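Remarks on the structure that follows.
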Amino acid sequence: MSTLNVPPLLTSPRDDAIQLYRAFKGLGCDTATVVNILAHRDAAQRSFIQHEYKAMYSEDLLKRLVSELRGKLETAVLLWMHDPAERDATVIRQAFLSDVTNLGAAIEVICSRTPSQIQLIKQIYHSKFGIALEEDVAVHTTGDHQKLLLTYLSTYRSEGPEVDREKAMKDAKALYKAGEKKLGTDEKKFIHIFSESSRAQLAAISAAYHDMYGGSLKKAVKSETSGKFEHGLLTILKCSQNPAKYFAKVLHDAMKGMGTNDTALIRVMSVVFESSCRVEYRGLMTAVLDLFPIPVSESCF
């Protein structure tokens with residue numbers, strides 16, 4: 001398995017600020033030093049570094065990074081300089097405002113985050129962009145896909161491991177009746193159950209579905225729905241079972257074949273670099289590294 005080299009001892013924010021300043025001096029930027037420092041710091045540590053840099057050099061670190069870096073590296077570094085919730089809000093906003101609306105990125109963020117994370121994203125989105133996230137979703141999406149995202153954003157879900165087995169069997173039966181058993185699909189039933197169920201509960205529903213009907217819920221979703229609506233449902237379902245594996249697969253898909261989906265690669269790698277600090281993505285780095293025969297850092301920039 002490939003490995004990443006992480007410094008055994010972290011330096012102080014002041015020392016990091018000094019090293020970054022030195023990396024910016026002279027002709028050209030020492031990008032290796034910049035990446036080695038910032039990629040190995042969590043959001044709180046990067047915030048301290050920014051404060052130290054401002055205090056010592058009377059200069060905004062983010063503005064200096066913009067002036068020193070270029071291309072994909074600039075995009076990646078600036079994205080992971082945000083704290084996780086602000087990063088997510090920024091990704092969603094950029095997805096809505098890009099020349100070709102990238103709804104896949106918005107779906108990925110909204111449908112893969114926990115309820116508490118979604119609340120933070122909604123707060124930051126409104127304060128940063130002056131519009132409620134739900135309003136932007138309503139403007140840029142339509143149909144069942146829109147209904148799913150709006151319901152998922154507004155519905156309370158437990159974040160605990162508790163599972164109601166009886167309800168799981170009842171919901172599995174309801175999904176079967178709403179999909180594979182009937183002519184056509186009752187999209188409202190899928191939206192309701194997928195939006196109200198905690199990750200643990202939805203995983204139990206998926207297991208019950210397989211036990212009761214011999215097929216997977218994932219295959220049922222694929223056969224009964226399509227397009228962005230299908231993408232949203234599958235993202236919710238896969239993240240209920242194994243978020244790390246889901247993001248490892250997204251990263252793999254971004255890099256396979258001819259060319260690279262740079263936007264997806266940068267977006268997911270920003271999650272990878274933060275994964276050691278986010279409990280729900282524990283194991284993501286391991287899952288990602290298991291997919292590739294070369295160090296991830298060599299495949300990114």
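Brief remarks follow.
- Listed values for the stretch 168-176 are Karplus-derived 3J(HN,Hα) couplings in whole Hz (6.51 cos²θ - 1.76 cosθ + 1.60, θ = phi - 60°), namely 4, 5, 5, 5, 4, 5, 5, 5, 5, and x replaces Gly and Pro.
- For the chain, the longest principal axis of the C-alpha atoms and the axis of helix 43-57 are separated by about 30°.
- Distance between modelled label sites at LYS181 and LEU10, nm, 7 Å Cα→Cβ extension: 5.2
- Cleavage-rule hits (trypsin sites (Lys or Arg not before Pro)) in the stretch 181-241: DSSP loop, at most 14 neighbouring Cβ within 10 angstrom: LYS181, LYS182
- Whole-angstrom Cα spans of the stretch 1-138 along principal axes, big to small: 48, 37, 27
- Debye intensity ratio in log₁₀ form over the Cα atoms of the chain, taken at each q of 0.08, 0.11 Å⁻¹: -0.40, -0.72
- With θ taken as phi - 60° and the Karplus curve 6.51 cos²θ - 1.76 cosθ + 1.60 applied, the whole-hertz 3J(HN,Hα) list for the stretch 201-212 is 5, 5, 5, 5, 4, 4, 5, 5, 4, 5, 5, 7 Hz, x standing for glycine and proline.
- Set LYS25/LYS54; LYS189/LYS238; LYS173/LYS218; LYS188/LYS256 screened for pairs whose C-alpha atoms are more than 24 Å apart: LYS188/LYS256
- Of the GluC sites (Glu not before Pro) found in the stretch 129-213, those that fall in a DSSP loop while having at most 10 other beta-carbon atoms within 10 Å are GLU162.
- Entry note, the chain: relative contact order of 19 percent, from Cα contacts under 8 Å with a spacing of 6+ residues.
- Where a label projected 7 Å from the Cα of ASP164 along Cα→Cβ would reach, residues of the stretch 186-229 with amide N under 13 Å: 193, 196-198, 201-202, 205
- Rounded, prolate or oblate (a/c below 1.5 giving rounded, otherwise prolate when a/b exceeds b/c) for the stretch 91-205 by Cα gyration tensor: oblate
- Label point 7 Å beyond Cα of LYS72 along Cβ direction - residues of the stretch 103-122 with amide nitrogen under 19 Å: 105
- When the charge dipole of the chain is built from unit charges on Cβ atoms (+1 for Lys and Arg, -1 for Asp and Glu) and taken about the Cα centre, the candidate among VAL66, GLY214, GLY26 whose Cα reaches farthest toward its positive end is GLY214.
- Nearest-0.05 FRET efficiency for LYS173 and SER98, computed from C-beta distance (R0 51 Å): 0.80
- A quarter of the convex hull surface defined by the alpha-carbon atoms of the stretch 190-243 gives 3.4 nm² as the mean projection.
Values quoted throughout were computed directly from the atomic coordinates according to the rules given, and no laboratory measurement underlies them. Computed from a predicted model, the values in this text were never measured in an experiment. Cβ sites come from the backbone with ideal geometry, for glycine too, and all protein chains shown count toward neighbours.
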